[in-house]
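Data first, discussion second: the structure below is written as structure tokens.
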Amino acid sequence: MNNLQTKAPEACEAPNSQKESENIFGQLKYLLLGAIFGVIFIKAEIVSWYRIQEMFLLDSFHMYGIIGSAVITGMISVFIIKKFNIKTVYGEKVVLKDKVYNNGQIYGGLIFGLGWAITGACPGPLYSQIGAGYWAIFITVLSAIAGVWLYGKFRDKLPS
Amino acid sequence: MFEFLTKPWPWYVAGPLIGLMVPALLLLGNKSLGISSSLRHVCAMCVPGNIKFFNYDWKKEAWNLFYVVGIGLGAYLAATYLANPEPIQLGDKTLARLTEFGLSAPTSLQPMELFGLDQVLSLKGLIFMVVGGFLVGFGTRYAGGCTSGHTIMGLSNLQWPSLVATISFMIGGLVMTHLLLPQIFKLF
């Protein structure tokens, strides 16, 4: 038991809730869904540093329209899934974990916001920028990974 | 039809499609939408050290790595085969901002004066890629999610901590854009 605890002391923020395990072919559907997301990121110009500047300058409705209509679509979908108790394709009950509040959501949120406006990208668009051939963004992603690592190393000392 | 595909997609097409990622992931695999976690999985996979935060079964979360590789792949396909031949259309205030910052008018989705390969070793590269990327990685993990995990997934599930996080993202972005970037651009 003790051993188990040291092995898995931390749950991920959005852990995989599926009981059925998936082989490499099962994983390909996530590759495909990701690819659709990547196409949208490019085609709606969400990957563009210019568009993020425009958003924070309150100079266009575009990004607000995207985020707002995405949230509304997601809300309706989650409502329907809960209301009709719709099961996954494997027949499992859909698991929706509550987000637990801590002050990190404010501190971290502010830090991420600063970075979002500098890089012009949140994590999804960073991957899209690399895919679209902006190779230098590898450096941004490597640095983001370093940021996550240092957060993990010092998280016990950070206020939350 | 093809013309519709190559033109930039309006918000009312892109937004609902992104929103549909939430039920698609839930129903296909009981997965909650989230992207920044992939960075943590890379740490857990490659450099877990002896750090508690990275000692978990990342293989169980492998779907997330397939998902972000897919994002890169989709972006490659869209940028290669569905590219918009016209330059990006921006608001007047944004265009005035570019001039003020000494950046040229947009010719592609990204200002290469900031994000080109030739900038990697420059002060611009240090700020816009290294520092910016660090803030994105550190901040998203500290906040427990990014625009996908909190703003889209969290708000879809009516989670108020995600609303707090989203408001914080926006405040951080507004402070950087309005107060700090004008100072940063004076360095170049």
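Yes or no: residue B:26 assigned to a helix (DSSP H, G or I) and more than 7 Å from chain A (Cβ to nearest Cβ)?
Criteria not met by residue B:26.
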Counted residues in segment A:13-66 being touching an Asp or Glu at 6+ places or on another chain (Cβ under 6 Å), facing another protein chain (nearest Cβ under 7 Å) and either modelled with pLDDT of 95 or more or surrounded by 24 or more Cβ atoms within 10 Å (Cβ to Cβ) (or both) come to 1
Only unsatisfied item for residue A:138, checking (1) more than 7 Å from every other protein chain (Cβ to nearest Cβ); (2) in contact with a Lys or Arg (Cβ under 6 Å, 6 or more places away or on another chain), is (2)
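Given the criterion in contact with a Leu (Cβ under 6 Å, 6 or more places away or on another chain), at the interface with chain B (Cβ under 7 Å from one of its Cβ atoms) and open to solvent by 30 Å² or more (accessible area, probe 1.4 Å), identify the matching residue among A:150, A:110, A:114, A:96. Write out each step before concluding.
On the way: A:150 fails: in contact with a Leu (Cβ under 6 Å, 6 or more places away or on another chain); A:110 fails: in contact with a Leu (Cβ under 6 Å, 6 or more places away or on another chain); A:96 fails: in contact with a Leu (Cβ under 6 Å, 6 or more places away or on another chain).
It is A:114.
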| Taking residue B:89, is it under 26 Å from residue A:136 (Cβ atoms), of a type in the set (S, T, N, Q), at the interface with another protein chain (Cβ under 7 Å from one of its Cβ atoms) and open to solvent by 20 Å² or more (accessible area, probe 1.4 Å)? | no
Picking from A:17, A:77, A:48, the residue that is under 27 Å from residue B:55 (Cβ atoms) and of a type outside the set (Phe, Trp, Tyr) would be A:17
Quick count over segment B:92-103, residues being of a type in the set (S, T, N, Q) and open to solvent by 30 Å² or more (accessible area, probe 1.4 Å), is 1
Out of (1) of a type outside the set (Gly, Ala, Ser); (2) part of a helix (DSSP H, G or I); (3) crowded, with 21+ Cβ neighbours inside 10 Å, the one residue A:82 does not meet is (3)
**Request:** Say whether the condition of being open to solvent by less than 60 Å² (accessible area, probe 1.4 Å), more than 7 Å from chain A (Cβ to nearest Cβ) and out of contact with any strand residue (DSSP E or B) (no Cβ under 8 Å at 6 or more places or on another chain) is met by at least one residue in segment B:128-149.
**Result:** no
Restricting segment B:41-81 to residues that are within 18 Å of the chain's Cα centre (by Cα) and of a type in the set (Val, Ile, Thr), the one most open to solvent (accessible area, probe 1.4 Å) turns out to be B:69
Scanning segment B:49-80 residue by residue, those part of a loop (DSSP other than H, G, I, E, B) and either at pLDDT 95 or above or facing chain A (nearest Cβ under 8 Å) (or both) turn out to be B:49, B:51, B:55, B:56, B:57
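The values are calculated or read from the model by the stated rules, or taken from the named source; none is laboratory data. Everything numeric here is computed off the predicted structure, so don't read it as measured data. Here Cβ is always computed from backbone atoms with ideal geometry, including for glycine, and neighbour counts include all displayed protein chains. When the accessible area is computed, the model is the full protein with side chains, heavy atoms only, and any ligands, DNA or RNA have been set aside. Shrake-Rupley method; radii C 1.70, N 1.55, O 1.52, S 1.80 Å.
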